[in-house]
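Below is one structure, written out as structure tokens, with a few remarks after it.
The values are calculated or read from the model by the stated rules, or taken from the named source; none is laboratory data. Not measured: the values here are computed from a predicted model. All Cβ positions, glycine included, derive from the backbone under ideal geometry; neighbour counts span all protein chains shown.
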Amino acid sequence: MSRVYNFSAGPAVLPEEVLKEAQEEMLDYRGCGMSVMEMSHRSKMFESIIEKTEADFRELAGIPSEYKVLFLQGGASLQFAMIPMNLMKNRVADYIVTGQWAKKAWQEAQKYGTANKIASSEDKTFTYIPDCSDLPISPDADYVYICENNTIYGTKYKKLPNTKGKLLVSDVSSCFLSEPFDITRYGILYGGVQKNIGPAGMVIAVVREDLITDDVLPFTPTMMKYKTHADAGSMYNTPNCYCIYMCGKVFEWIKRQGGLAGMKEKNEKKAAVLYDFLDQSRMFKGTVVKEDRSLMNVPFVTGSKELDAKFVQAAAEEGLVNLKGHRTVGGMRASIYNAMPMEGVKTLVEFMKKFEEENL
Ligand SMILES: *Cc1c(COP(=O)(O)O)cnc(C)c1O
């Protein structure tokens with residue numbers, strides 16, 4: 001067996017310890033004679049899995065009882081519709097567009113009401129986070145929407161926007177559980193789990209209890225109502241059982257890393273190794289405004305398309321894979337999520353140094 005260092009933006013690297021545990025339990029989960037993939041979601045065994053998964057998530061992230069934790073399908077993208085369907089009472093919402101994912105959410109919301117783009121960083125290819133201290137928030141906005149870490153462009157809000165009392169809704173797909181956060185600042189916080197937490201195909205939505213009502217847009221399908229899932233403990237229909245089980249294992253792993261504070265410390269150290277190198281390299285350059293740099297997604301370029309391609313190929317030959325930048329940006333992107341070990345980042349930087357010496 002030989003594992004690579006996988007810098008994919010998602011689905012992404014998972015902790016090796018977690019994969020090994022899953023492997024050990026694959027054929028016979030704790031003496032029940034079957035895999036978690038094969039068991040009924042109504043079984044006692046699975047009930048205890050989902051309960052522990054939720055309890056560990058709540059403990060890690062400090063989620064109080066006034067917030068529901070929902071395990072939903074359709075990935076992060078389905079939330080782009082579910083959020084307006086459930087929250088647009090006045091049919092008005094304000095969006096801050098800092099990348100492709102925020103833009104998609106904003107475009108989707110336009111189907112359900114007036115979705116105002118109140119700020120954007122598209123003028124400079126989303127390489128920064130706009131000043132959000134005094135935005136023209138609409139008086140009748142049902143919520144203000146952000147994408148907190150921009151996976152494709154590598155920017156992150158270091159300070160949440162001033163929503164002037166309006167509800168904040170945030171997509172945290174690519175920074176989920178990478179550092180502590182204060183859930184009370186949000187109405188809804190959600191993320192697809194395949195970036196930082198587990199396998200693809202599920203989203204965890206943390207929704208303030210008072211926002212979960214029957215007062216949704218009239219055509220909202222049953223499956224798209226938060227209340228449907230909240231009332232049924234995320235088991236209105238068959239949930240993504242195996243994904244929930246894997247997320248649970250990752251939560252236990254994060255607890256062993258010192259929780260979110262421990263995770264943040266490790267993530268800052270890892271990112272510093274890469275950014276410090278980029279800041280002094282004569283060949284590689286980071287593409288993002290320094291103050292807004294993400295700890296999770298690090299885009300960089302050489303300035304030459306040919307060299308970029310050569311680098312990506314040569315890195316892959318050394319077991320440093322999935323470093324190609326998003327098709328809309330080009331260059332390279334190293335996603336260094338929670339599960340990427342420091343060793344992986346150091347190996348990448350050593351390889352970049354060598355490549356620079358040989359190709360400059
Ligand atoms: C990947 C990603 C999405 C889309 O997730 P899906 O689960 O594929 O729908 C949405 N938002 C952000 C910030 C992402 O990184």
*Might you check whether a residue that is surrounded by 19 or more Cβ atoms within 10 Å (Cβ to Cβ), of a type in the set (Lys, Arg), within 15 Å of the ligand (Cβ to nearest atom) and modelled with pLDDT of 95 or more occurs anywhere in segment 164-183?*
no
*Using the structure shown, decide if Asn267 is touching a Gly at 6+ places or on another chain (Cβ under 7 Å), within 19 Å of Phe176 (Cβ to Cβ) and not charged (D, E, K, R).*
no
*asked:* If I filter segment 85-132 down to residues being polar (S, T, N, Q) and more than 25 Å from Thr222 (Cα to Cα), which single residue comes out as surrounded by the most Cβ atoms within 10 Å (Cβ to Cβ)?
replied: Thr98
*Determine, yes or no, whether Asp214 is outside any helix (DSSP H, G or I), surrounded by fewer than 19 Cβ atoms within 10 Å (Cβ to Cβ) and away from the ligand (no atom under 16 Å from the Cβ).*
yes
*Confirm whether Ile96 is of a type outside the set (S, T, N, Q), part of a loop (DSSP other than H, G, I, E, B) and within 16 Å of the ligand (Cβ to nearest atom).*
no
*Just a yes or no: is a residue in segment 109-126 part of a loop (DSSP other than H, G, I, E, B), more than 16 Å from the ligand (Cβ to nearest atom) and closer than 26 Å to Lys285 by Cβ?*
yes
*Subset tally (residues that are within 15 Å of the ligand (Cβ to nearest atom), in contact (Cβ under 8 Å) with a residue 60 or more places away in the chain and within 22 Å of Lys89 (Cα to Cα)) for segment 184-193*: 2
*Does Pro139 satisfy the condition of being within 21 Å of the chain's Cα centre (by Cα) and more than 12 Å from the ligand (Cβ to nearest atom)?*
no
*Among the numbered criteria (1) under 28 Å from Val301 (Cβ atoms); (2) under 18 Å from the mean Cα position of the chain (by Cα), which single criterion is violated by Gln107?*
(2)
*Go through the residues of segment 334-346 one by one and say whether even a single one is assigned to a helix (DSSP H, G or I), under 16 Å from Asp279 (Cα atoms) and of a type in the set (A, V, I, L, M, F, W, C).*
yes
*asked:* For segment 54-84, which positions are crowded, with 21+ Cβ neighbours inside 10 Å and of a type in the set (D, E, K, R)?
replied: Glu54, Lys68
*Considering only residues that are over 9 Å from Ile244 (Cβ atoms) and touching a residue at least 40 places away in the same chain (Cβ under 8 Å), look in segment 42-53 and name the one that is surrounded by the fewest Cβ atoms within 10 Å (Cβ to Cβ).*
Arg42
*Inspect segment 65-75 for any residue being touching a residue at least 40 places away in the same chain (Cβ under 8 Å), within 30 Å of Val312 (Cα to Cα) and either within 16 Å of the ligand (Cβ to nearest atom) or outside the structural domain of Ala316 (by TED's automatic domain parsing) (or both) and give the result as yes or no.*
yes
*Any residue in segment 160-178 that's more than 22 Å from Gln100 (Cβ to Cβ): show its pairings with residues that are near the ligand (Cβ under 10 Å from one of its atoms) and outside any loop (DSSP other than H, G, I, E, B) at Cβ separation under 9 Å, as long as the two are six or more apart or on different chains.*
Leu177/Gly191
*Return only the number of the condition from (1) of a type in the set (S, T, N, Q); (2) part of a loop (DSSP other than H, G, I, E, B); (3) without any contact (Cβ under 8 Å) to a residue 60 or more places away in the chain that Gln313 does not satisfy.*
(2)
